[in-house]
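Colleague: This is the structure I have questions about; it appears just below.
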Amino acid sequence: MIYLDNASTTRVSPEVIVAMRPYWDEIYGNCSSLHDMGQRAKEHLEDARNRIAKCLGAESDEIYFTSGGSESDNWAIDSACKYGAMRNKKHIITTAFEHHAILHTLKEKEKQGFTITYLPVYENGIVKVADVEKAITEETCLVTIMYANNEIGTIQPIAEIGNICAKHGVVFHTDAVQAVGHIPINVKADKISMLSLSAHKFHGPKGVGMLFCKKGSPLFPFVHGGGQERNRRAGTENLPGIMGMCVALESATKDMAKVNDRLIEYRDKLFTELSKIPHSKINGDTISRLPGNFNMSFEGIEGESLLLMLNDMDICASSGSACTSGSLDPSHVLLAIGLPHEIAHGSLRLTLSKYTTIEDINHAIESVPKVVAHLRKFSPVWDEMEKGVIKHVI
Amino acid sequence: MLYSEKVMDHFRHPRNIGEMENPDAIGEVGNAKCGDIMRMYLKIDGDTITDVKFMTFGCGSAIATSSIATEMIKGKKIKDALQLTNQAVVEALDGLPAHKLHCSVLAEEAVKAAIKDYYDRNGIDYDKSLYAPGTCVCCHTADKKDD
Ligand SMILES: Cc1ncc(COP(=O)(O)O)c(C=O)c1O
Ligand SMILES: [Zn+2]
């Protein structure tokens, strides 16, 4: 199987598996215990915290371990809203194409009386800094904008947004789940107040992540119970997971430049070759984009059947089509960049990783055009377009 | 695997696929906005469906349900083809995931739409209530997972 769905999740690196190994049956003490077994585990936990902080340009006491990206996003929003409500500030700024961990959480806040501004992301899938500044009011308690989009990989102008938010004294959260470990990030340089990340997106284990919260920025407790994570997130620490995340992040940081050179070359080869398919379109900006993210739409076909056929050709891919998701609407991300529904249904996302080889890319370049041609042969939509009954859109 | 072997077989090797020359009737249902369109062509001799072809834009289950539906009505009397239900289509495919059931409704509707077209073309009287415009399946939206 050729795995080109690394934005969904990644393979855990061998060095990460090795690093996690001792924490199941050797250094398995509870970090809260007084005895040596507990204290030893605690030392390892704090070591991981330090090393993770270093990779992000943060201080170790700004790192809060969580169960992953979704929890971190929920927590950041919840905390900023609590703080906002105390000061009668109940306005939040976000974008139309955030992950549902953000959008669904904000929907809940809307029910509690918060007003949400959803900024447009335009055809290139990038938010305008000027739009952010214009949207800020006296009531704004939070700006939450993702670092890079999970479907189309577009990278947002985070440092500039950070500057604006700092200038206006507004809390700035970024969901960096797709960006951490893939592009260089420094929370201080970007003036980020809060940042979410998740280990399984950079060859770490699933079910572990982290929320960065800048010192001096308020962070209310999220899980109540024991005193873990400085009384803010109760629960015995997932030490194997945290150690795995730490090693995965260090590896990703160290290898980033070299891996990215190769991935950009692969990604652009995919764009060049698959753009030769007639009536196709690249989704999202091709420059300000994650090195490993490819996303295109092909007219007249539907994404799920495309994925099933690619699966038969040993390629694991993903699509923003409705039928791949259990919903009847295509991806909100593709609609946010202005794609008509029928074009959004025919999208293909290939996401690469350090394990992707040129053979994998060549196999995809051979397979995708065959599948598109096959599906178009019996597509009534394509048929009408080719006969001129309806117009081609792309 | 999301789908049964039967569904995958019809998806991989769709029966009666492609355009039909000089059909006696055509039915098309669904819309591209929702991600599923089925077009069914019929050849009819007297009261018998002698040939069926289809073209589908849609997901795996949309393609598989149209394919099996053509097999289920080919050679049948019109009045028997009209009895085709989405449940029968789903059973013939050894089941579909719950959120894919709408695709089987589309197959049943495509058959009905084609037969209605035949009646209309030939000025044959029929019970209009049987062909109430299909409710748009897009309106019942389920939750979406993303990553
Ligand atoms: C942008 C983004 N945010 C949040 C998440 C959720 O992360 P997790 O699966 O760790 O909860 C994901 C991935 O699933 C993501 O891509
Ligand atoms: Zn479908």
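The values are calculated or read from the model by the stated rules, or taken from the named source; none is laboratory data. Just so you know, these numbers come straight off a predicted model, no measurement behind them. Counting neighbours? That spans all protein chains shown, and the Cβs are built from the backbone with ideal geometry, glycine included. Only protein heavy atoms, including side chains, enter the accessible area calculation; ligands, DNA and RNA are left aside. Shrake-Rupley method; radii C 1.70, N 1.55, O 1.52, S 1.80 Å.
Colleague: Let me confirm one metric for peptide B:45-55, namely the mean number of other chain beta-carbon atoms within 10 Å of its residues' beta-carbons. Write down the numbers at each step before the final one.
Modeller: Working: counts 0, 0, 0, 0, 0, 0, 0, 0, 1, 2, 8.
Average neighbour count from other chains, rounded to a whole number: 1.
Colleague: Across peptide A:345-356, how many C-beta atoms of other chains are within 10 Å of each residue C-beta, on average?
Modeller: Neighbouring Cβ atoms belonging to other protein chains average 1 per residue here.
Colleague: Got a sec? Charge dipole of the protein assembly as shown, +1 on Cβ for Lys and Arg, -1 for Asp and Glu; which of A:170, A:241, B:57 is way out at the positive end?
Modeller: The listed residue farthest towards the positive side: A:170.
Colleague: If you take the accessible area of A alone, add that of B alone, and subtract the area of the pair, what total do you get in Å², probe 1.4 Å, to the nearest 100? Each step should come with its number before you reach the end.
Modeller: Working: alone 16590 and 8360 Å², together 21850 Å².
Protein heavy atoms only, the A-B interface buries about 3100 Å².
Colleague: To the nearest Å, what is the center-to-center distance of the stretch A:184-219 and the stretch A:1-57, using C-alpha atoms only?
Modeller: So the two Cα centres are separated by 16 Å.
Colleague: Once the other residues with Cβ under 12 Å from the Cβ of residue B:67 are scored (Lys, Arg +1; Asp, Glu -1), what is the net sum? Intermediate results must be reported in sequence, preceding the final value.
Modeller: On the way: positive: B:6, B:12, B:15, B:53, B:74; negative: B:9, B:71.
Here the count lands on +3.
Colleague: Still on this structure: Using a 10 Å cut-off on Cβ atoms, rank the peptides A:155-167, A:332-344, A:355-367 from the highest mean neighbour count down. List each step's numbers first, then the result.
Modeller: Working: A:155-167: 18.9, A:332-344: 21.9, A:355-367: 16.1.
Top of the packing list down: A:332-344, A:155-167, A:355-367.
Colleague: Residue-wise, which Karplus ³J(HN,Hα) couplings in Hz belong to the stretch A:363-378, taking 6.51 cos²θ - 1.76 cosθ + 1.60, θ = phi - 60°, and x for glycine or proline?
Modeller: 5, 5, 5, 7, 7, 4, x, 4, 5, 4, 4, 4, 5, 5, 4, 10
Colleague: Kindly identify chain A as rounded, prolate or oblate by the Cα gyration tensor criterion: order the square roots of the eigenvalues as a ≥ b ≥ c, call it rounded if a/c is under 1.5, otherwise compare a/b with b/c, prolate if a/b is larger, else oblate. List each step's numbers first, then the result.
Modeller: Working: a/c = 2.21, a/b = 1.41, b/c = 1.57.
Oblate, because a/c is 1.5 or more while a/b does not exceed b/c.
Colleague: In whole Hz and in residue order, list the ³J(HN,Hα) couplings for the stretch A:303-317 that follow from phi through the Karplus curve 6.51 cos²θ - 1.76 cosθ + 1.60, θ = phi - 60°; x for Gly and Pro.
Modeller: Along the stretch A:303-317, the couplings run x, 5, 5, 4, 5, 5, 5, 5, 4, 5, 9, 6, 10, 8, 9 Hz.
Colleague: Right, something else. Under a Cβ-only charge scheme (Lys and Arg +1, Asp and Glu -1), can you give me the dipole magnitude of the stretch A:226-320 about the Cα centre, in debye to the nearest 20? Let's see the in-between values first.
Modeller: Values: 11 positive and 14 negative charges, 93 e Å.
For this selection, approximately 440 debye.
Colleague: If you count only protein heavy atoms with a 1.4 Å probe, what accessible area per residue comes out for the protein assembly as shown, rounded to a whole Å²? Please report the intermediate quantities before stating the final value.
Modeller: Working: 21850 Å² over 541 residues.
It amounts to 40 Å² per residue over the protein assembly as shown.
Colleague: Now for a separate question. So which residue, out of A:114, A:378, A:271, gets the largest mean-square fluctuation from a GNM of chain A using Cα contacts under 10 Å as springs?
Modeller: A:378
Colleague: Per DSSP H run of at least 4 residues, take -39500 (n - 2.57); add these up for the protein assembly as shown, divide by its residues and hand me the 222 nm value, nearest 500 deg cm²/dmol.
Modeller: Values: 19 runs with 220 residues, N = 541.
One gets -12500 deg cm²/dmol as the mean residue ellipticity at 222 nm.
Colleague: Further question: Please compute the net charge surrounding residue A:71, taking Lys and Arg as +1 and Asp and Glu as -1 over other residues with Cβ under 13 Å from its Cβ.
Modeller: Details: positive: A:206, A:232, A:233; negative: A:73, A:78, A:175, A:229.
After counting each charged neighbour, the total is -1.
Colleague: Quick one: 3J(HN,Hα) in Hz for the stretch A:99-110, Karplus 6.51/-1.76/1.60 with θ = phi - 60°, rounded, Gly and Pro as x.
Modeller: 5, 5, 4, 8, 4, 6, 5, 5, 4, 5, 5, 4
Colleague: Quantify how strongly other chains surround peptide A:298-305 by giving the mean number of their Cβ atoms within 10 Å of each of its Cβ atoms. Kindly include the intermediate steps, with their values, before the conclusion.
Modeller: On the way: counts 0, 1, 2, 2, 11, 2, 9, 10.
Partner Cβ neighbours, averaged per residue: 5.
Colleague: What's the center-to-center distance, using Cα atoms, between the stretch B:59-103 and the stretch A:96-123 in Å?
Modeller: Each part reduced to its Cα centre gives a spacing of 40 Å.
Colleague: Using a 4.7 Å cut-off between beta carbons, which cysteines in chain A end up with no partner cysteine at all?
Modeller: A:31, A:55, A:81, A:141, A:165, A:213, A:246, A:316
Colleague: Please list, ordered by chain and number, the residues whose modelled amide H lies under 5 Å from the amide H of residue A:302; skip anything fewer than 5 residues away on the same chain.
Modeller: Here B:58 satisfy the definition.
Colleague: Continuing with the same structure: Hey, got the dipole for the stretch B:5-135? About the Cα centre, +1 on K and R Cβ, -1 on D and E Cβ, debye to the nearest 20?
Modeller: The calculation lands at about 160 debye.
Colleague: Picking from A:45, A:34, A:239, which is most flexible by a Gaussian network model of chain A using Cα springs under 10 Å?
Modeller: Result for chain A, Cα springs under 10 Å: A:34 fluctuates most.
Colleague: Tell me, how many Å apart are the Cα centres for the stretch A:273-311 and for the stretch B:106-123?
Modeller: 36 Å
Colleague: Still on this structure: For every other residue with a beta carbon closer than 11 angstrom to the beta carbon of residue A:59, add +1 if it is Lys or Arg and -1 if Asp or Glu, then tell me the sum.
Modeller: Numbers: positive: A:49, A:54, A:188, A:214, A:215; negative: A:61, A:62.
Around residue A:59, the surrounding residues sum to +3.
Colleague: Please list the non-local residues whose amide H lies under 5 Å from the amide H of residue A:93, H modeled 1.01 Å from N, same-chain partners needing a gap of 5 or more.
Modeller: Those qualifying (amide H under 5 Å, at least 5 residues apart or on another chain) are A:117, A:142, A:143, A:144.
Colleague: I would also like to ask the following. Over chain A, with a Gaussian network built from C-alpha contacts below 10 Å, which listed residue (A:173, A:100, A:345) shows the highest mean-square fluctuation?
Modeller: Maximum among the listed residues: A:100.
Colleague: A further question on this structure: Put +1 on the Cβ of each Lys and Arg and -1 on the Cβ of each Asp and Glu in the protein assembly as shown; which of A:55, A:180, A:308 then has its Cα farthest toward the positive end of the dipole?
Modeller: So the residue we want is A:55.
Colleague: Suppose every K and R has +1 on its Cβ and every D and E has -1 on its Cβ; what is the size of the dipole of the protein assembly as shown about the Cα centre, in Debye to the nearest 20? Display every interim value, and only then the final one.
Modeller: Values: 59 positive and 71 negative charges, 241 e Å.
It comes to approximately 1160 debye.
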